[in-house]
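Structure, as C-alpha cells:
Since every read-out is calculated from the coordinates, none of them should be taken as a lab result. Worth saying up front: this structure is predicted, and the values here are computed from it rather than measured. Cβ: placed from backbone, ideal geometry, glycine included. Neighbour counts: every protein chain shown.
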2 protein chains.
Amino acid sequence: MAVTFELIKRCPATGARAGRLYTPHGVFDTPIFMPVGTQATVKAMSPHELAVMGAGIILSNTYHLFLRPGHDLVAEAGGLHTFMQWDRGILTDSGGFQVFSLGPLRKISEEGVAFRSHIDGSKQFLSPEKATEVQMALGADIIMAFDECMPYPADHAYAKASTDRTTRWAERCLKTHNRKDQALFGIVQGGMHRDLRAMSARDLVSMGFPGYGIGGLSVGEPKPLMYEMLEETVPLLPADKPRYLMGVGTPDCLVEGVMRGVDMFDCVFPTRVARNGTVMTSRGRLVLKNAEYARDFRPIDPDCGCYTCSNFSRAYIRHLLKAEEIFGLRLTTTHNLHFLIQFMRDMRKAIIDDSFLSFREEFWSKYPTP
Amino acid sequence: MAVTFELIKRCPATGARAGRLYTPHGVFDTPIFMPVGTQATVKAMSPHELAVMGAGIILSNTYHLFLRPGHDLVAEAGGLHTFMQWDRGILTDSGGFQVFSLGPLRKISEEGVAFRSHIDGSKQFLSPEKATEVQMALGADIIMAFDECMPYPADHAYAKASTDRTTRWAERCLKTHNRKDQALFGIVQGGMHRDLRAMSARDLVSMGFPGYGIGGLSVGEPKPLMYEMLEETVPLLPADKPRYLMGVGTPDCLVEGVMRGVDMFDCVFPTRVARNGTVMTSRGRLVLKNAEYARDFRPIDPDCGCYTCSNFSRAYIRHLLKAEEIFGLRLTTTHNLHFLIQFMRDMRKAIIDDSFLSFREEFWSKYPTP
C-alpha cells in the first residue's frame, strides 16, 4: 500500500483523533493542513520555505497541470515531486471540482466532462479514466477519484443521480489505477442530503479505498449544515483510514472538522487572503493595509515564531503591500501558512494530551464571531 | 569618516582597480554591483537571500521612500536598515534622477524641484537641503548629493548651466549634511560634453567628497560615447576615493566601466529583465518563455551555483513564468543577481591576479554582439 494510516489517539469525548500518514515521501502527523500549490507551486513560496515551516503534504491541481504544462511534460521531468523539487508528500485533486466550476463552459455525460480550457478556450475532456491517468503521470502520493462536485443547493433528485454517477465513476477510477506507489482516495458526495451522504459513504466504503475525501462541502452552505453533513458522513467511514475534508481551511472549520473526526484539510484560504494583505492571529484577522498599522512596529503576532514575525514589522509589511511589492505577499503568505500549520500541531498535541475540548473552548473564547 | 576606501590593487595596463569599502554596516570588496531596492525591498527577494548570495551594498530610492512610506516613518522605525532588516550596506540616491524623469510633472528652479507625486498627484518639493535631510532620516551608509540629471541630448549652453547648478546644489548638500555615520558623495555631471565633464569633476573634487558618483550617463547615448565620458571624468577623480557609475549594470558596461576605473555600479536591469523572464548566462541571455525551453530540463546555467540553478530546470521556471507565478520571478531574479555578483567577484579576482585584460578578452569572445 502506497499510503497507510496509523491511528494514534482518539479524543474520549469527541470524534477528534491524532494519527500518522505513511507515504513514499515521508511520514506526516494528522490532523494535517495541506497548503495548496495549484500550478506546481504554493503561490509566492519556495519548497524549501515550506519545509522549514513544517509543511507535510501539499495539494496540487490536476485540472491546471493537465492544461499547463501538461501531465506528459511533468512525467518527462520525472514526476511532480522532481519537477517542483518538493520531496515531501503531494496530493492531487481529480480536476472534478475545477471543471464543474467552469459553469457554462462544461458539459457533463456518463462518460465524463467536456469543457473548454480557461487558458486558450481549447476543447478538453476529462473522464474517470483520463483523470486517473493524468494523476498517475503526475505521480502524487495521494490521488483523488474523479467526482461531480454538485452545485449548492441541489434538489434530492439531482443530488441522487449525481451521487450515483460519482460512485460509478469511482469504480472506473479504481479499475484504471495501477500505480502501487500512490493511493487513490474515493470522494463522498451526496449534496446536503443526509440520506445521500450516508448512501455515498456506504457505497464507497464497500469498494475499499485506502482513504476517503469528503467533497461537496464548503460550497456556499451555512457552516452548521456543513457540520451536520460531516456528522452524518464521518462515522460511516472506517476508523483505520484517513478522512480528508476537501477545500476547508479556516481556523474555525478546522477545529470543528477535527472534532468530527477529520484528519486532512486543504484550502486556498490562507494563501489567498495573504495576498490581499489579511493575516491570521490567535485573536482574529488583521487587515494590514489599514491605516492603523502604518506606524505599528510590532510583528503581526508577537506569539508567532515564523520568519515574518521574527523579522518584520506590521508597518514594513503594510508599506510593501501598499507599494505592491512581491516581498509583502511572501511575508503574509509565510505567516498565514505557518499559523495554520502551527495551529494543527497545537490541536494534535491537545488530542494527544486529552485536552482537545479545552483547546476548542479556548479557541472559541478568542475567536471573533463573524 | 563614515565610509573609507582602501585601494588594494591597480591593473598595470588599464584603469581597473580592486579595493575595499569600509562602512558602518560592513566591509565590501570593489568593484561592486549594488542590487536596487527601490521601495525598501529588492523586488521579489528577501534580505536573507541577498545576504546568502553575497550582496554587499544595496541601493534604495529617496524619491520613492520620501513619498511612501515617508522618511519620518522610516526614521521612527529606526532607519532604513532596521525597517527592512538589512544589516549590510545601503546607498540612497538623491531623488534627482527620479524627479527629472517626471517630465512635465516637475518644474526646476535654483531653489530646487517642484513636482507632483506619481502616487497621488500631490504637490511636492525637493531641494538640496530637503533631499539631504530626507537621506539623513533614512540613514543609509552612503547618500548622494541632489543633482540635475539632464536630458540627452542637451546642448552645451543648457549643459553648462545645469552642471553649474548641480555644483552649487552639491555645496548646499554638503552644508546641510551633518551625520557622521554616513558619507555624502558628490555627483559629476556635464552631459556629453568633455569640457563640462572635466569642469564638473574638478569643481566637485575641490569640495573634498569622500566619494564621487558619475551621473547622467546611460541615459540613451551610444555606449562608446559613455565610455568616452568616463575616460574624460575618472582620471580627474582622486585615486583614493571610490567612484560610482550610476544606473549602469549590463555585463558589457560593467567590464568596460571597471576597465576605466569605476568601483561601484547599480542598475535595475538584472531584476527588471528577470521579471520578464530573461536570464543572463556566460554565453548571453535566455528568454525563458520561449517554446524551446518547454522541455529543457537543464538548469539556466550549468556552471552557476545559485539557488535557482542548483534546484530547478528551465522547463519548470518557464512553466511558472507562463502561469504568472510569483515563484518564477523569484527564481529568475535570484539567478540574475547571483550572476552579476559572481561576475564582479570574478572580475575582481582577475584584477588581483593581474589578468584583467584576458578576463575582458574572454568575456567579449563569448558575449553576443548586440
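Applied to region A:217-222, the Karplus parametrisation 6.51 cos²θ - 1.76 cosθ + 1.60 on θ = phi - 60° returns per-residue 3J(HN,Hα) values of 10, 6, 10, x, 6, x Hz, with x for Gly and Pro. Over all pairs of different C-alpha atoms, region A:128-275 has a mean inverse distance whose reciprocal, the Kirkwood radius, equals 15.5 Å. Cα centroids of region A:311-370 and region B:186-242: 53 Å apart. The GluC sites (Glu not before Pro) of region A:214-290 include none that DSSP puts in a loop with a beta carbon having at most 14 other beta carbons within 10 Å. Ordering B:Gln124, B:Leu204, A:Ala201 by Cα displacement along the dipole of the protein assembly as shown toward the positive end leaves B:Gln124 in first place; charges were set at the Cβ atoms of Lys, Arg (+1) and Asp, Glu (-1). Charges on Cβ only, +1 for Lys and Arg, -1 for Asp and Glu, centred on the Cα centroid of the protein assembly as shown; of B:Gln39, B:Cys309, B:Pro24, which one is farthest towards the dipole's positive end? Of the listed residues, the answer is B:Gln39. Shown for A:Tyr158: label points 7 Å from Cα along the beta-carbon vector, and their distances to the equivalent points in the other copies, 6.8 nm in ascending order.
Phi angles of region A:12-26 translate, via the Karplus equation with coefficients 6.51, -1.76, 1.60 and θ = phi - 60°, into HN-Hα couplings of x, 9, 9, x, 4, 8, 10, x, 8, 9, 9, 10, x, 10, x Hz per residue; Gly and Pro are given as x.
Counting only cysteine Cβ atoms and a cutoff under 4.7 Å, chain A contains unmatched residues A:Cys11, A:Cys149, A:Cys173, A:Cys253, A:Cys267, A:Cys306. Each of A:His177, B:Tyr158, B:Ile187 was placed along the dipole of the protein assembly as shown (beta-carbon charges, centred on the mean Cα), and the one lying farthest toward the positive end is B:Tyr158. Label sites at A:Arg298 and A:Glu221, each approximated as a point 7 angstrom past Cα along Cα to Cβ, lie 3.9 nm apart. The value obtained for region A:281-355, namely the Cα convex hull volume divided by the number of residues, is 79 Å³ per residue. With R₀ set to 51 Å, the beta-carbon distance separating B:Lys289 from A:Ala13 gives a calculated FRET efficiency near 0.35.
The ranking of B:Ile187, B:Ile351, B:Ile326 from fewest to most other beta carbons within 10 Å of each one's beta carbon is B:Ile326, B:Ile351, B:Ile187.
Using modelled amide H (1.01 Å from N, peptide plane; none on Pro or chain starts), what sits under 5 Å from the amide H of A:Ile58, excluding residues fewer than 5 places away? Residues meeting the criterion, in which the H sits 1.01 Å from N, are A:Gly89, A:Ile90, A:Leu91.
Rounded to the nearest 20, the Cβ-based charge dipole of region A:52-131 about its Cα centre (Lys and Arg +1, Asp and Glu -1) stands at 260 debye. Cross-link partners for A:Lys130 among the lysines, with Cα-Cα distance under 29 Å and sequence neighbours closer than 8 places in the same chain left out: A:Lys43, A:Lys107, A:Lys160, A:Lys175, A:Lys180, A:Lys241, B:Lys289, B:Lys322.
Relative to the longest principal axis of the Cα atoms of chain B, helix B:356-366 runs at roughly 60 degrees.
Closest approach of a chain B Cβ to the axis relating B and A (residue, whole Å): B:Ile326, 3. Taken along the Cα-to-beta-carbon direction at a fixed 7 Å, the label points for B:Asp353 and A:Glu76 span 3.9 nm.
Stretched out straight at 0.36 nm per residue, the stretch from B:Ser365 to B:Asp181 would grow longer than its current Cα-Cα span by 61.9 nm.
Measuring gaps between exposed loop sites in chain B (trypsin sites (Lys or Arg not before Pro); DSSP loop; at most 11 other Cβ atoms within 10 Å), the longest gap, sites not included, is B:1-179. Evaluated with a Cβ-only charge set (Lys, Arg +1; Asp, Glu -1), the protein assembly as shown carries a dipole of roughly 380 debye about its Cα centre, given to the nearest 20. Sorted largest first, the principal axis extents computed over the alpha-carbon atoms of region A:52-176 equal 47, 31, 30 Å.
Across the copies of the chain, A:Ser101 has label points (7 Å from Cα along Cα→Cβ) spaced 3.7 nm apart, shortest distance listed first. With the label put 7 angstrom out from Cα along the Cα-to-Cβ vector, A:Pro238 ends up 8.3 nm from the copy partners, going from closest to farthest.
Label-to-label distance, A:Gln85 versus B:Asp120, with points set 7 angstrom from Cα along the beta-carbon direction: 4.1 nm.
Rounded to the nearest 20 debye, the dipole magnitude of region A:188-291 is 500 debye, with +1 charges on Lys and Arg beta carbons, -1 on Asp and Glu beta carbons, and the Cα centre as origin.
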